1. Restricting to segment 86-110, what's the tally of residues that are under 24 Å from the mean Cα position of the chain (by Cα), hydrophobic (A, V, I, L, M, F, W, C) and crowded, with 21+ Cβ neighbours inside 10 Å?
2. How many residues are under 16 Å from Leu185 (Cβ atoms) and small (Gly, Ala, Ser) when one looks only at segment 122-158?
3. Among the helices (runs of 4 or more DSSP H) lying completely within segment 65-153, list those that include at least 3 residues that are of a type in the set (Val, Ile, Thr) and more than 23 Å from Ala172 (Cβ to Cβ).
4. With respect to Thr177, determine if the residue is farther than 17 Å from Thr247 by Cβ, β-branched (Val, Ile, Thr), touching a Ser or Thr at 6+ places or on another chain (Cβ under 6 Å) and free of Cβ contacts under 8 Å to residues at least 24 places away in the same chain.
5. Name every residue in segment 223-251 that is in a helix (DSSP H, G or I), under 15 Å from Gln205 (Cα atoms) and acidic (Asp, Glu), in order of residue number.
6. Take Val61 and decide whether it is touching a His at 6+ places or on another chain (Cβ under 6 Å), surrounded by fewer than 22 Cβ atoms within 10 Å (Cβ to Cβ) and at pLDDT 95 or above.
7. Hey, does segment 231-254 have a residue that's modelled with pLDDT of 95 or more, buried (at least 16 other Cβ atoms within 10 Å of the Cβ), within 19 Å of the chain's Cα centre (by Cα) and on the phi < 0 side of the Ramachandran plot?
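The values are calculated or read from the model by the stated rules, or taken from the named source; none is laboratory data. Only a predicted model underlies this, so the values are computations on that prediction, with no experimental measurement involved. Counting neighbours? That spans all protein chains shown, and the Cβs are built from the backbone with ideal geometry, glycine included.
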Amino acid sequence: MRRSFLLLALALAPGCARDGAPDHMQRARDAIFEKRPDEALVEYRKALDALRVEDSTQAPVLKARALKGAADVYWLELRKVKEAVSVYKELIAQCPESPEAQEARVVLAELLRVHFRDPRGAIDQLTAALARNPPQGAELHYQVAKLYFELQDYQQCVLEARKLTERFATSAYVDDTLFLQAQALHMQSLQGSVPGTPEAQRYRQEASRAYADLLARFPDSELAPHAVFEMGKLKAEAGEHEKAIETWVQALKNHPEPAMVQDAIARVRRRIAATTPLDIGSRVAAFARPPPVRPPRNSVEAAGGSAEEAARDHGD
């Protein structure tokens with residue numbers, strides 16, 4: 001009996017009881033605070049090992065937090081991108097509906113885009129995040145539209161931009177989205193089409209309407225002067241040079257780079273001068289009398305003789 005009490009006392013003594021996942025996770029957080037990331041990773045791994053044999057309602061919650069903590073250490077503390085991506089993916093696979101997995105999708109999308117040059121993989125992660133109606137839905141949708149622009153899939157970029165402006169009409173990202181939509185339409189007018197074709201003209205008109213919508217709805221946006229400048233470019237590409245200059249003169253009032261606008265105006269003016277005959281538009285040329293018509297030469301003059309010789313030859 002005495003031996004049983006001794007074993008129980010040893011089991012309950014400090015240091016003899018097995019630490020649980022919450023203890024290891026607290027030690028991991030302490031290690032991060034004390035700038036010991038490698039030790040933090042060890043503690044997170046111990047927490048995950050402890051959770052493998054735990055069958056409680058809290059186990060999935062703690063597992064998601066431990067995986068997120070380990071992934072964040074790899075990325076934010078150690079800058080080990082490959083390892084961070086691996087653990088973020090593990091978190092998403094094992095705890096797909098957890099808040100931590102939702103955050104992981106957003107971080108993973110950025111890592112795939114920037115460090116792995118994988119915009120399609122980033123789109124997949126952002127689309128999965130958007131399917132769960134996150135509070136930052138407008139921002140994530142805008143990132144998806146931008147990624148399609150990077151991929152030169154301008155048609156899909158326009159579709160995503162239009163979805164955003166319809167679904168998040170009051171979002172702070174609407175003006176950015178309208179500008180992106182107009183740029184994508186502009187690129188469609190240049191992509192694989194002859195500038196003067198009806199298709200190219202239609203895309204230019206749609207782009208111009210998107211810029212005009214931005215100006216009407218967000219006149220104080222920092223993108224407004226850029227939209228005016230881009231509208232001038234559309235007019236110049238359509239051959240409406242004078243209208244393009246008028247639009248750029250308007251853009252000069254607020255554009256942050258007036259020298260760029262002035263260069264565009266100068267280029268179009270040179271183009272006008274190079275393609276316009278010198279006398280066109282001249283008042284002197286318009287009202288000048290035409291030179292007198294000279295009578296046709298006779299045979300003597302044609303042979304090199306003078307008018308007097310021709311007269312004598314005819315007996316005049």
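1. Just the residues of segment 86-110 that are under 24 Å from the mean Cα position of the chain (by Cα), to begin with: 102-110.
Filter once more, keeping what is hydrophobic (A, V, I, L, M, F, W, C): 104, 106-109.
Then keep just the ones that are crowded, with 21+ Cβ neighbours inside 10 Å; that gives 104, 108-109.
The total comes to 3.
2. Number satisfying all stated conditions: 1.
3. Working: elements: 81-94, 99-115, 119-130, 137-150.
Passing ranges, in order: 81-94.
4. Details: farther than 17 Å from Thr247 by Cβ: yes; β-branched (Val, Ile, Thr): yes; touching a Ser or Thr at 6+ places or on another chain (Cβ under 6 Å): yes; free of Cβ contacts under 8 Å to residues at least 24 places away in the same chain: no.
Considered against the rule, which asks whether it is farther than 17 Å from Thr247 by Cβ, β-branched (Val, Ile, Thr), touching a Ser or Thr at 6+ places or on another chain (Cβ under 6 Å) and free of Cβ contacts under 8 Å to residues at least 24 places away in the same chain, Thr177 comes out as no.
5. Within segment 223-251, Glu230, Glu237 qualify.
6. Details: touching a His at 6+ places or on another chain (Cβ under 6 Å): no; surrounded by fewer than 22 Cβ atoms within 10 Å (Cβ to Cβ): yes; at pLDDT 95 or above: yes.
Answer is no for this residue.
7. yes
Residue-by-condition table, conditions (1) under 30 Å from Arg117 (Cβ atoms); (2) among the hydrophobic types (A, V, I, L, M, F, W, C):
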residue: Thr177; (1), (2): yes, no
residue: Arg202; (1), (2): no, no
residue: Pro225; (1), (2): no, no
residue: Ala244; (1), (2): no, yes
